[in-house]
Amino acid sequence: MMKKRETLKRKDNVIFFPGFEKRLISKGIENLHNKKFSDAIDLLELAREYDPDNDEILIGLVMAYFEASAFEKAREIAKEILRKGVGDYFQMVDLYLTVLIQLHEYEEIITTIELLLDEKEVPPDKFDHFLTILQFSKKMLQNPAPAVERKQQKEENNPQKLNLFSLNGVNEQMLLVSNLAEKNIRPYFQEIAEYLRAETGNFFLKTILLTLLKEQEIDSPVTVNKFEVRKNVIPVKLPEVRQQPKMLEVKAALENHLESRNPVLYQNIITLVERIFFISYPMELEPANAFAWAAAFHFLAEEYHGFQSKKTEVAKEYDVKPEEMEQAIRQVERIEEISYPNL
């Protein structure tokens, strides 16, 4: 958290910290070079939210996902790069084909290369290279890998344990957890419960795991540890993460005070509110007064935008005690620091 806040830029109605995306990119590329691929993914994906067309971010993500063996994600972003025309086109095609080879998508490789050859735009120095890949793909399509190898590869891509504690970064964890959405989560319940109970672990990921347990109507109690506080909950009885009662009260208060007079600021604040309550779910943060939280979000958003607001005036507008609003401000700042600890 910045000790002295600078005036923020705005992009698509989202609060935009000065130089924030550059630090994300720099740190992400540094982690990529140091072979810390999951950390690189975490930072570059966040940077992508601020600058979705940045070629350095997109190419870095393809490389990081590729090295992390997340080939489907690498393919998705590589296709996006080609669609947007980012970077050197034929280098990007080469990168895309490399990903497809790992996925054994030989039909797509053949289609892509034949289309390039038909257009007669392949540079001479690339012609033999693409032709070799084309011939290789046709050969592999005619002689597919034995069923045993395919089964082994499938098992490797769908591990029987999540191993949440052994993974280096949030994105590696998320890649595994995302596979649970369409599976029976019960075989993983004890491992997930242990992760939720631990003092360590990523709060965002803990929220995702809780929502998965709720969606699959798990009625066994679990202990959630966040902010050095433990809370016992039954997942199926929890409110929806986007329907938390206090969050809805906060949003209603902000709507009454801001939506009509400053809709842009209102939308920025709502984004911040949803992020803070998502990370803190299902904990009940102090103060209990929802209006104190609304005042805190209002004050912080105005300060982020360079407005010189007085805490006493904002507190008075929401009819709350200044010390209650100050307590909520400190909580928001703490959660923001937890969200981005290395920046």
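The values are calculated or read from the model by the stated rules, or taken from the named source; none is laboratory data. Note that the structure is predicted; figures quoted are calculated from it, not measured. Cβ placement follows ideal geometry from the backbone for every residue including glycine, while neighbour counts extend to all protein chains displayed. Protein only, heavy atoms only, side chains kept; ligands, DNA and RNA dropped before computing areas. Shrake-Rupley method; radii C 1.70, N 1.55, O 1.52, S 1.80 Å.
For the reader, a short list of remarks on this structure follows.
- Shape of the range 278-343, Cα gyration tensor, a/c cut at 1.5: oblate
- Environment charge at Pro322 (Cβ cut-off 14 Å; Lys +1, Arg +1, Asp -1, Glu -1): -1
- The Cβ shell under 12 Å around Asp219 holds other residues with a net charge of +2, Lys and Arg each +1, Asp and Glu each -1.
- Solvent-accessible ranking of Glu30, Glu121, largest area first, probe 1.4 Å: Glu121, Glu30
- Taking a sphere under 10 Å around the Cβ of Tyr266 and counting the other residues whose Cβ falls inside, with K and R at +1 and D and E at -1, yields a net charge of 0.
- Peptides 284-295, 184-195, 73-84 ordered by average Cβ neighbours within 10 Å, highest first: 284-295, 73-84, 184-195
- Whole-number percent relative contact order across the range 280-343, with pairs defined as alpha carbons under 8 Å at least 6 apart: 40
- Taken along its principal axes, the alpha carbon cloud of the range 191-326 reaches lengths of 48, 26, 23 Å, longest axis first.
- Cα gyration tensor category, rounded, prolate or oblate, for the range 48-115 with a/c compared to 1.5: oblate
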